[in-house]
Amino acid sequence: MAKLKAADTVSLEEPPVVPSNSTATCPYMERYAIEVLVVGAHDEPIAELAVELRKSDTEALASKTDASGRARFEALQKQRYDLCLPTLDSATWEVVGREPLPAERARSAGNATWRAPAKAPEASSPHVVVQGECLAEIAARHGFLSEVLWNLPDNGKLKELRGASALLFPGDEVVLPALRVKTQSCEVGEAFRLRRKGAREQFRVRFLSGDGTPRGGIPYLLTLELEGGAEERKGETDGDGYVSEPVPPDVDKVRLVLGKEEPQEVYEFQMAYLDPLDTISGVQARLTNLGYPCGEVSGELDSLTRRALRDFQRDHSLEVTGELDDTTRKKLEELYLS
């Protein structure tokens, strides 16, 4: 990262004589600007994110990024400042670019209104997981990377219990530590590009023909249902039959239309609703998604679930018992993640 320029020195020479019929601007009255662009892991603009410019420990300007991910601070005197994203943990963002502003954007007018900096959120009581939440979504909502929460010693018991951060169960508790504040030193007349890291997950589903061969090269239309509206994407299944797309952690539902011509295949996926494999509801969901319907996901080892288990065990050369033994669970895990 480039070093900041040395502070301007004050000249002790006699000031130049200014003719009485002309005017000159006092350099101490000139005002400047600093601009910020915040993007995500895939260079998408991040809107409505708090950005703060700090003049001292007690003075700051607050702003939020617009729809294009930009924020601008104006009416600044020529001195050094600190940039901060006060609602994000220090591990969650980084500076990926800085450059001088064009002359027409480097200067501004007016007077800035300085206020006390935002108070950093303190550690909260454990977050209790509800159906439809995953660790990535919880982490993104509170300004953390999911791996920071997952590797927190206070979450060690949860990590040992679940094994994978994507598979939480309603009632699980996730400890949220205090945010670690980070600042970036800056000067007036500069533009910064900041990146929020890790706020994307991967949607991945595979399509196979009846004989088990991959269905590659099939066009699809993917619709993501997000809090701020729907987002559509087009593509084709790859050579192994996969649809693989990065998605925001807060996506609630994915609708996938396979093929361009009739009859099209339509699939809907409820995101973050898959329970862990050590629960009966998690086993029922996997069996159903693999083509062994269990009826309603009830969390009870009922007759329909036992029949689905027997069919699954028979098709995969396992001992046909209709029971949830370790061998059956392992085979379910192997097939569901392959």
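The values are calculated or read from the model by the stated rules, or taken from the named source; none is laboratory data. Note that the structure is a prediction, hence the values are computed from the model and not measured. When we count neighbours, we look across all protein chains shown, and the Cβ atoms used for this are built from the backbone with ideal geometry, even at glycine. With ligands, DNA and RNA removed, areas are computed over all heavy atoms of the protein, side chains included. Shrake-Rupley method; radii C 1.70, N 1.55, O 1.52, S 1.80 Å.
Some observations on this one:
- Single match in 176, 194 (criterion: surrounded by 14 or more Cβ atoms within 10 Å (Cβ to Cβ), in contact with a strand residue (DSSP E or B) (Cβ under 7 Å, 6 or more places away or on another chain) and not in a strand (DSSP E or B)): 176
- Selection within segment 197-224: residues that are modelled with pLDDT under 90 and over 18 Å from residue 336 (Cα atoms). The member of this set that is least open to solvent (accessible area, probe 1.4 Å) is 199.
- Every condition in (1) out of contact with any His (no Cβ under 9 Å at 6 or more places or on another chain); (2) of a type outside the set (Phe, Trp, Tyr); (3) modelled with pLDDT of 95 or more is met by residue 173 except one, and the failing one is (1).
- Condition check for residue 22: in a loop (DSSP other than H, G, I, E, B), open to solvent by less than 80 Å² (accessible area, probe 1.4 Å), at pLDDT 95 or above and not hydrophobic (A, V, I, L, M, F, W, C): no
- Within segment 317-326, the residues that satisfy the criterion of being open to solvent by 70 Å² or more (accessible area, probe 1.4 Å) and within 20 Å of residue 275 (Cβ to Cβ) are 323, 326.
- The residues on offer are 307, 314, and the sole one that is over 37 Å from the mean Cα position of the chain (by Cα) and either under 18 Å from residue 212 (Cα atoms) or exposed (fewer than 13 other Cβ atoms within 10 Å of the Cβ) (or both) is 314.
- Candidate set from segment 270-282 (those that are in contact with a Lys or Arg (Cβ under 7 Å, 6 or more places away or on another chain) and surrounded by 15 or more Cβ atoms within 10 Å (Cβ to Cβ)); member that is nearest to residue 224 (Cα to Cα): 271
- Looking only at segment 135-166, residues that are in contact (Cβ under 8 Å) with a residue 24 or more places away in the chain, open to solvent by less than 20 Å² (accessible area, probe 1.4 Å) and out of contact with any His (no Cβ under 8 Å at 6 or more places or on another chain) come to 7 in all.
- Near pairs, Cβ below 7 angstrom, 6+ apart or cross-chain, from segment 61-84 (among the β-branched types (Val, Ile, Thr)) to any residue that is outside any strand (DSSP E or B): 65/46; 65/47; 65/48; 65/49
- Any hit, segment 35-57, residues being of a type in the set (S, T, N, Q), over 25 Å from the mean Cα position of the chain (by Cα), surrounded by fewer than 15 Cβ atoms within 10 Å (Cβ to Cβ) and more than 30 Å from residue 274 (Cα to Cα): yes
- Residues in segment 256-278 that are in a strand (DSSP E or B) and over 20 Å from the mean Cα position of the chain (by Cα) were compared, and the one that is farthest from residue 140 (Cα to Cα) is 265.
- Subset of segment 255-312 that is free of Cβ contacts under 8 Å to residues at least 40 places away in the same chain and of a type in the set (Val, Ile, Thr) - its residue that is nearest to residue 327 (Cα to Cα): 305
- Among the residues making up segment 247-265, those that are open to solvent by 30 Å² or more (accessible area, probe 1.4 Å) and either in contact with an Asp or Glu (Cβ under 8 Å, 6 or more places away or on another chain) or under 29 Å from residue 135 (Cα atoms) (or both) are 250, 252, 253, 255.
- Residues of segment 160-173 that turn out to be closer than 15 Å to residue 127 by Cβ and assigned to a helix (DSSP H, G or I), as a count: 1
- Some residue of segment 109-131 being surrounded by 15 or more Cβ atoms within 10 Å (Cβ to Cβ) and in contact with a Cys (Cβ under 6 Å, 6 or more places away or on another chain): no
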